[in-house]
1. Of the options Val161, His257, Leu269, report the single residue whose Cα projects farthest towards the positive end of the charge dipole of the chain (beta-carbon charges: Lys, Arg +1; Asp, Glu -1).
2. From Cα pairs below 8 angstrom and at least 6 apart in sequence, can you work out the relative contact order of segment 1-145, rounded to a whole percent?
3. Tell me the per residue accessible area of segment 157-200 using a 1.4 Å probe; a whole number in Å² is fine.
4. About its Cα centre, what dipole magnitude does segment 157-275 give when the only charges are +1 on Lys and Arg Cβ and -1 on Asp and Glu Cβ, stated in debye to the nearest 20?
5. Taking 8 Å as the Cα distance limit and 6 or more residues as the minimum spacing, I'd like the relative contact order of segment 268-325 as a percentage.
6. Return the sequence-ordered ³J(HN,Hα) values of segment 356-363 in whole Hz as given by the Karplus equation 6.51 cos²θ - 1.76 cosθ + 1.60 applied to θ = phi - 60°, using x for Gly and Pro.
7. At a Cα cut-off below 18 Å, give the lysines reachable from Lys253, other chains included and same-chain residues fewer than 8 away excluded.
8. Subtract the Cα-Cα distance of Asp231 and Gln211 from 0.36 nm times their separation in residues, and report this length gain in nm to one decimal.
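The values are calculated or read from the model by the stated rules, or taken from the named source; none is laboratory data. From a predicted model like this one, the values you see are computed outputs, not experimental measurements. Cβ sites come from the backbone with ideal geometry, for glycine too, and all protein chains shown count toward neighbours. When the accessible area is computed, the model is the full protein with side chains, heavy atoms only, and any ligands, DNA or RNA have been set aside. Shrake-Rupley method; radii C 1.70, N 1.55, O 1.52, S 1.80 Å.
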Amino acid sequence: MTIQDVIVVGAGLAGLVCAQRLQQAGHQVCLLEKSRGLGGRLATRRIDGVPLDHGARYLANHGDRLQQLIDHWGRQGILAPWQPQTFELQADGSLQAQATPQPYWVAPAGMNTIGKHLAQGLTIHRQQRLISLTLTAQKTWQLTAELATDQSLVEHQARAVVLALPAPQILPILAPLEAIAAIQPLRQALATVTYAPVITVMAQYAHPRSQASDPLPCAPPDPWMVEGHPDTSLFWAGLDSSKRPPTEQSDLKVVMHSSAAFARDWFDLPDLPSTGRALLGQASTCIAAWLREPQAWQVHRWRYGLVETSCLEALLTTSQPLPLAACGDWCGSANLDTALESGWAAAAAIHTALGGKALPSFPAGLLDLDAASH
């Protein structure tokens, strides 16, 4: 068995950035990812060959680091500006128009394009879910993963590990290590993080017609989005197809995310179509009647959809008994900037723990990735 320098668990934004920085610093790195896709909540599906973003809706400038990448990815053609008419859903269910001072940034080919871009050159083992982390007599970490294809087990070893996962998924992995004093601060900090579930509906419409009574004042094909309200059933809804270049396919694609309250009521029900119909019905009442009857729709459940309570630490790490770090969008301010910054910081901490010298500053290496294939 090859012993890696570092194994990064989770190929979301934090994990991909961390792995790229460590590999470019000369470490032997691989990633484990439980799903087939890359990018975590930078997630995209396709209906009739057209991408729909059912995770992160767009990128907006929260901090200088992310903005540097947004500007660079825009120049490479990975991102494009999107400036929809924006509305805010009030607690009473009414819509209020909002100013859009600057365009949002979206990936016309799908938000998962960002994950694919950041994954270039990395060794990634997909559909492997980490189920245990132990210490070996050879002073390495041993990781046991379950293959999604047949539930068989595969073993990996590394000198250092980065857990770039939702905090609730990290806790059971660290539970068997509770006797190790250096692990305790990490477990205590992770236990403070809470998430809200989200249910997402992706819907397709053929030539919908608005009604005079619709709260949404714009025509169906016009770019629009609605920011929801926690006291309603909606967290967000938008015309996803308006993020894409016009095609001969005239069908409209809408993505809507439920509020936490709606998701908690419906999350564990086995009848996904009924869940989808319920959210479509709510959207038809507060946005537009034509949303009630899509030509086709899909439903996705995000158990860890939104960070409700974030960790106060920007990064959780220890060098004892071996280098270990935990990072993700649950650190600090709980957004994509946080995922980016914590992944970047995790790489620096692991590099130092493995005896490396100071790494180049942000965004060294990330701007050198080729975008020709995208």
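1. Value computed over the given set: Val161.
2. 28 percent
3. 35 Å²
4. With only Lys, Arg, Asp and Glu charged at Cβ, the dipole is about 460 debye.
5. Contact order relative to length: 22 percent.
6. x, 8, 4, 8, x, 7, 4, x
7. In chain and number order, the partners are Lys243.
8. Details: separation 20, 0.36 × 20 = 7.20 nm, distance 2.55 nm.
Roughly 4.6 nm would be gained on extension.
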